[in-house]
Every structure is written in C-alpha cells, then in structure tokens.
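This report concerns only the one structure given below.
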Amino acid sequence: MSRLVALLDDLARRLDDPAGAVPKIVDLRWAAVIGLLLREAESDADPRLLLIERSRRLRDHGGQVAFPGGKPEPHDATLLDTALREATEEVGLPPGEATVLGRLRPVPTPSGFLIMPFIAWAPLSWAPR
C-alpha cells in the first residue's frame, strides 16, 4: 500500500460520514465547503490542499482565501451536493472526479453561517494552473 493510500485511509477513518445526519440549526444559515487534497499520482505521499482567493470585487468575503464552497441552491439534495457543485463552479472540478473521504464538524461564522466542511481527494491532473 502506498503512503498516500495509507494516509487517505487513515484520514477517512477519522472523519464523520459525509452522508450522516446533519444537526438541526435555528439562527444560522447553512453553507458547505470542500477541502480538496490533490495528488500527482498514486505514489504521491505529499498531497496539496486546494484553496481559492475570492475576488476583491465581491461584496462579501472579497479578497479572502477560502475553500471552494457556498450556500445551498434549491436543486442541491444535500450539503455534500452543494460543496461539490461549488467546486465545479469555482475551480472546474469535473463531476465524479473527487473521492469524498468524509466531513468535519460544522463551524459557525460571525456572518451568520454554519459551514459544513467536507474533505475529498482528486488527481492533480485536472486542477487549474
């Protein structure tokens, strides 16, 4: 087993089930992000973490470094669907290209969101340069 496969297997065991029940919230709005680990090849033991820089022209969060993600749209069946759709829109992640490992606990923000972070890996070959 390669070091990368062992690393990803270990990480997946430590994360929550991405399809597990979502906690009930009252005063916050949901959003979802995805932390994408990119790898060169199966033998690549040093995956890269994909981050984006939001346009400075945006009214909210302009110029911030972030994970791909955003608010759910009516056609998103789950928060995982939201995170994957946003990754497709923001960084060009092809549908089906990412292997979702799991999710972390939701994180509240001062701006009134509860962010559900998912973790996935994908080959570096598709990544924007």
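Residues in segment 49-64 that are open to solvent by 100 Å² or more (accessible area, probe 1.4 Å) and acidic (Asp, Glu): 1 in all. Contact map, segment 115-126: residues that are closer than 15 Å to THR88 by Cα paired with residues that are charged (D, E, K, R) and not in a strand (DSSP E or B), Cβ distance under 6 Å, separation 6+ or inter-chain. Pairs shown: ALA122/GLU97; LEU124/GLU40; TRP126/GLU97.
Among residues of segment 65-77 that are open to solvent by less than 90 Å² (accessible area, probe 1.4 Å), those with a beta-carbon under 7 Å from a residue that is part of a loop (DSSP other than H, G, I, E, B) at least six positions away or on a different chain give the pairs ALA66/LEU51; ALA66/ARG54; PHE67/LEU51.
For segment 38-47, does any single residue satisfy the condition of being open to solvent by less than 80 Å² (accessible area, probe 1.4 Å) and within 18 Å of VAL107 (Cβ to Cβ)? Within segment 38-47 (the criterion being open to solvent by less than 80 Å² (accessible area, probe 1.4 Å) and within 18 Å of VAL107 (Cβ to Cβ)), the answer is no, since none of the residues qualifies.
Of the residues that make up segment 115-129, is at least one farther than 27 Å from LEU7 by Cβ and either crowded, with 19+ Cβ neighbours inside 10 Å or not hydroxyl-bearing (Ser, Thr, Tyr) (or both)? No, the conditions are met nowhere in segment 115-129. For segment 17-36, check the following and say yes or no: at least one residue is open to solvent by 60 Å² or more (accessible area, probe 1.4 Å) and over 19 Å from ILE115 (Cβ atoms). The answer is no, given that none of the residues of segment 17-36 is open to solvent by 60 Å² or more (accessible area, probe 1.4 Å) and over 19 Å from ILE115 (Cβ atoms). Of all the listed residues (GLY112, GLY102), the sole one being open to solvent by less than 40 Å² (accessible area, probe 1.4 Å) and either touching a Cys at 6+ places or on another chain (Cβ under 9 Å) or farther than 26 Å from ASP9 by Cα (or both) is GLY112.
Residues that are of a type in the set (A, V, I, L, M, F, W, C), out of contact with any helix residue (DSSP H, G or I) (no Cβ under 7 Å at 6 or more places or on another chain) and free of Cβ contacts under 8 Å to residues at least 12 places away in the same chain: does segment 83-104 have at least one? No, segment 83-104 contains no residue that is of a type in the set (A, V, I, L, M, F, W, C), out of contact with any helix residue (DSSP H, G or I) (no Cβ under 7 Å at 6 or more places or on another chain) and free of Cβ contacts under 8 Å to residues at least 12 places away in the same chain. Kindly check whether there is at least one residue in segment 65-85 that is farther than 29 Å from ALA6 by Cβ and basic (Lys, Arg). Looking for residues that are farther than 29 Å from ALA6 by Cβ and basic (Lys, Arg), one finds at least one in segment 65-85, hence yes.
The values are calculated or read from the model by the stated rules, or taken from the named source; none is laboratory data. Just so we're clear, the structure is a prediction, and the values are computed from it rather than from any experiment. Note that we place each Cβ from the backbone using ideal geometry, even for glycine, and neighbour counts take in every protein chain shown. To get the accessible areas, we keep the full protein, side chains included, count just its heavy atoms, and leave off ligands, DNA and RNA. Shrake-Rupley method; radii C 1.70, N 1.55, O 1.52, S 1.80 Å.
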